[in-house]
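Heads up: the structure comes next, in structure tokens.
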Amino acid sequence: GGGRTGLMGTVAEATRAAGGRVVGIIPKALVDKELANPLCDELHVVDTMHERKAMMGERADAFLAMAGGIGTFEELFEIWTWRQLGYHDKPVGILNSAGYYNKLLDFLGQSVRDGLMGDWQMSLVRTGTEAEPLLAALRAEVPRHPRDDRLAENL
């Protein structure tokens, strides 16, 4: 993300503490509000949220939605839609800690039962209640491309 507050900041801090690399991508408007994380290994400042999401989509090996608010929901559904449309083939996951996403997952199941979505669309998203097994499942699905022969070791 690139922010230093809230869950985004907490994840960045934990990643650094575990020896990971933190790449932040943040719109200029949020930098101006002094919300950028100066401890990112890389901090990319872009003009718009659209640019932010496009860069995140290009640079990520996988996507994981954790508990969050409207921004998290919007990004989850957009990246899921991009996968459905074939814009990327990277794994998408939802970490359902403490049942946070239970009602959303129930609603999505109802959408399938009502015929508004298909099981194949639901199969594009992995869900789990524990971070480590879900991350392992996402890591196993990271596509290997001839131009990019690296594995997703930082996932």
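The values are calculated or read from the model by the stated rules, or taken from the named source; none is laboratory data. Because the structure is a prediction, the values reported are computed rather than measured. As a convention, Cβ positions derive from the backbone with ideal geometry for all residues, glycine included, and neighbour counts pool all protein chains shown.
Values as computed for the structure displayed
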item: Odd one out for Ile94 among (1) of a type in the set (A, V, I, L, M, F, W, C); (2) assigned to a helix (DSSP H, G or I); (3) without any contact (Cβ under 8 Å) to a residue 40 or more places away in the chain; (4) not assigned by TED's automatic domain parsing to the domain that holds Gly3; result: (2)
item: Filtered residues of region 20-41 (kept if in contact with a helix residue (DSSP H, G or I) (Cβ under 8 Å, 6 or more places away or on another chain), part of a loop (DSSP other than H, G, I, E, B) and surrounded by 14 or more Cβ atoms within 10 Å (Cβ to Cβ)); result: Val22, Asn37, Cys40
item: Options Gly6, Gly19, Gly24, Gly1: the member that is small (Gly, Ala, Ser) and over 18 Å from the mean Cα position of the chain (by Cα); result: Gly19
item: Sole exception among (1) surrounded by fewer than 17 Cβ atoms within 10 Å (Cβ to Cβ); (2) part of a strand (DSSP E or B); (3) in contact with a His (Cβ under 9 Å, 6 or more places away or on another chain) for His44, by number; result: (3)
item: Residue count, region 97-118 (criterion: part of a helix (DSSP H, G or I) and either among the hydrophobic types (A, V, I, L, M, F, W, C) or touching a helix residue (DSSP H, G or I) at 6+ places or on another chain (Cβ under 6 Å) (or both)); result: 6
item: Residue in region 66-81 that is of a type in the set (Ser, Thr, Tyr), loosely packed, with under 14 Cβ neighbours inside 10 Å and modelled with pLDDT of 95 or more present; result: yes
item: Selected residue (criterion: modelled with the lowest pLDDT) from residues of region 119-147 that are of a type outside the set (A, V, I, L, M) and in a strand (DSSP E or B); result: His145
item: Criterion violated by Gly71 - all others in (1) among the small types (Gly, Ala, Ser); (2) in a helix (DSSP H, G or I); (3) in contact with a strand residue (DSSP E or B) (Cβ under 8 Å, 6 or more places away or on another chain) satisfied; result: (3)
item: Residue check, Ala54 assigned by TED's automatic domain parsing to the domain that holds Gly9 and not in a loop (DSSP other than H, G, I, E, B); result: yes
item: Qualifying position, being within 25 Å of Gly20 (Cβ to Cβ) and among the hydroxyl-bearing types (Ser, Thr, Tyr), among Thr81, Thr72; result: Thr72
